[in-house]
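The values are calculated or read from the model by the stated rules, or taken from the named source; none is laboratory data. Predicted model, so just to flag it, every value in this text is computed and none were measured. Here Cβ is always computed from backbone atoms with ideal geometry, including for glycine, and neighbour counts include all displayed protein chains. Side chains included, ligands, DNA and RNA excluded: accessible areas come from the protein's heavy atoms. Shrake-Rupley method; radii C 1.70, N 1.55, O 1.52, S 1.80 Å.
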Amino acid sequence: MSNSNLRFRFSIDRGGTFTDIFCEVYQNDKLYKSMVSKLLSEDPSNYKDAPTEGIRRILEEVTGIPHPRNEKVDTSCIEHIRMGTTVATNALLERRGDRCALITTKGFKDLQYIGNQSRPKIFDLEIRRPDRLYEHVYEVQERVVLLKDSEQEYLDSVMGDEAKKERVCVGLAHDKLFIEQPLDINEVRVILLDIKNKGINSIAIVLLHSYTYNKHELMIKQVAEELEFEQVSCSSEVMAMVRMVPRGCTTCVDAYLTPVIKRYLDGFCSGFDEQLQSRVQVSFMQSDGGLTPMNSFLGNRAILSGPAGGVVGYARTSYQSQDPNPMPVIGFDMGGTSTDVSRYAGEYEHVFETTTAGVTIQSPQLDINTVAAGGGSRLFYRNGLFVVGPESSGAHPGPVCYRKQGGLLAITDANV
């Protein structure tokens, strides 16, 4: 059998504790064999990256050609790699994202903290606010207001044509706008330098009415890129929606998680030869159940990447569409770090605003409920009771029963 006729198609679920790899091997466009592999997502003493290691082992086993662990994986016979990952999910649940700062319009410093004042548990005597994702918040002098017809007439009477040309415009949503306070770029530079001096390299920019007037946000972004910030998330680019609170939350999530995603992708790519990004189709599952190219995989759309893959999987395999009265299917996915529950009744159920780990996200997602409770959730003994999570023992060092140095007590140990 000639190895040149073999084509490999990999589908990977990279979870917080385990990584599962399904591979279809084709020869001359016909399915030759299918293979499944399972590894710990983190095992530094044996390999750097679990998906890379799984791909290496399968290539070695099928082709019979050695693929040394210390060399880059040859991608010449790989057709595509499709991956769902809970890297972003677990980072949000366990609050392990990057340090970030929020820049907003003057007068709205506390808006994200106040939120929408909803009371989901109105009779709870001890309501705890979720931790904010940003460390610091800065206000900038800028203000854009929406113009009513009566106000337009007043401006016509008091302002000259040149002044109106500079201060009156039409927004992206076709609103008439008045730039009441132009952005002071020097003030912006001082603020950004202060953020840099605090050791923060990720910022979220959320300005009032930026969904329709994005120039001020883009001006701040330009200065931030000149100062070499690693991540700059503009609300007008992340999710250009009217409501400032969920738009701000979503942008903060993007600034908080995208650097984590980028580091993971860089680490993943480093294990393959240079052809990975030029000839191999590498796609990642998004929260809405669709695949996206690796370069477009961002934090705010990666929250439910792994769980979304599970929904698509059981919808394709478990739902009996040929029955006259097909029954809905309930998906229950308990992993090592989180548990995901969903439902499928013939079509994917999407939501456009959800709350995950106490954070409101305004982005298309499959309707999945995720909680930080898995087999590897840590156990703490407090006030005579065991308390579970949300921290996870992960794959390394993992639960005590993994017998690794520094193992952490987890639900897995209680089960054992």
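Given a 1.4 Å probe, how much area per residue of the chain is accessible, in Å²?
52 Å²
Return a whole-number percent for the relative contact order of segment 293-416, with Cα pairs under 8 Å and 6 or more residues apart as the contact set.
This gives 18 percent for segment 293-416.
Over 19 Å between Cα atoms: which of LYS106/LYS215; LYS48/LYS72; LYS148/LYS176; LYS38/LYS72 fall into that group?
LYS38/LYS72
Going by accessible area, probe 1.4 Å, with all protein chains left in place, what is the ranking of PHE352, PHE297, largest first?
Sorted descending by solvent-accessible area, the residues read PHE352, PHE297.
Report the net charge of residues surrounding VAL260, where surrounding means a beta-carbon distance below 15 angstrom and charges are Lys +1, Arg +1, Asp -1, Glu -1.
0
Do any GluC sites (Glu not before Pro) in segment 28-87 lie in a loop, going by DSSP, with at most 14 other beta-carbon atoms within 10 Å of their beta carbon, and if so which?
Answer in residue order: GLU71.
Rounded, prolate or oblate: which one fits segment 1-70, using the alpha carbon gyration tensor with axes a ≥ b ≥ c (rounded when a/c is under 1.5, else prolate when a/b beats b/c, else oblate)?
Taking the square roots of the gyration eigenvalues as a ≥ b ≥ c, segment 1-70 is oblate.
Leaving out ligands, DNA and RNA but keeping every protein chain, what accessible area does HIS136 have, in Å² rounded to the nearest 10, with a 1.4 Å probe?
Its accessible surface works out to 60 Å², give or take rounding.
Helix 215-226 against the longest principal axis of the chain: what's the angle in degrees, Cα atoms only, rounded to the nearest 10?
Result, in degrees: 60.
Across every pair of different alpha-carbon atoms, what Kirkwood hydrodynamic radius in Å does segment 273-405 reach?
17.1 Å
Round to the nearest 10 and give me the degree value, 0 to 90, for the angle of helix 305-317's Cα axis relative to the longest principal axis of the chain.
60 degrees
Under 8 Å for C-alpha pairs, at least 6 residues apart: give me the relative contact order for segment 350-393, rounded to a whole percent.
Value for segment 350-393: 28 percent.
Ignoring ligands and nucleic acids, what accessible area does LEU133 show with a 1.4 Å probe (Å², nearest 10)?
The accessible area comes out at roughly 20 Å².
Test of the criteria: in segment 164-244, which GluC sites (Glu not before Pro) are in a DSSP loop and have at most 12 other Cβ atoms within 10 angstrom of their Cβ?
GLU228
Across 20 Å bins from 0, what is the distribution of all Cα-Cα pair distances for the chain, in whole percents?
23, 49, 24, 4, 0
Go ahead and set up a Gaussian network model of the chain, Cα springs under 10 Å, then flag whichever of SER392, SER233, SER321 fluctuates most.
Checking each option, the largest mean-square fluctuation is seen for SER321.
If each of CYS401 and GLN320 carries a label point 7 Å out from its Cα toward its Cβ, how far apart are those two points in nm?
Here the answer is 3.5 nm between the modelled labels.
Counting alpha carbon pairs within less than 8 Å and at least 6 residues apart, what relative contact order, in whole percent, applies to the chain?
Relative contact order for the chain comes out at 16 percent.
If I build a Gaussian network model for the chain, linking alpha-carbon pairs within less than 10 angstrom, which residue out of GLY97, GLY309, GLY335 has the largest mean-square fluctuation?
Most flexible of the set in this elastic network: GLY335.
Net charge within 10 Å of GLU24 by Cβ-Cβ distance, Lys/Arg positive one each and Asp/Glu negative one each, not counting GLU24 itself?
Charge balance near GLU24 sits at +2.
Identify the trypsin sites (Lys or Arg not before Pro) of segment 357-416 meeting these criteria: DSSP loop state and at most 11 other C-beta atoms within 10 Å of the C-beta.
ARG403
What would the Debye equation give as log₁₀ I(q)/I(0) for segment 213-348 at q = 0.12, 0.14 Å⁻¹, counting only Cα atoms as equal point scatterers?
-0.67, -0.85
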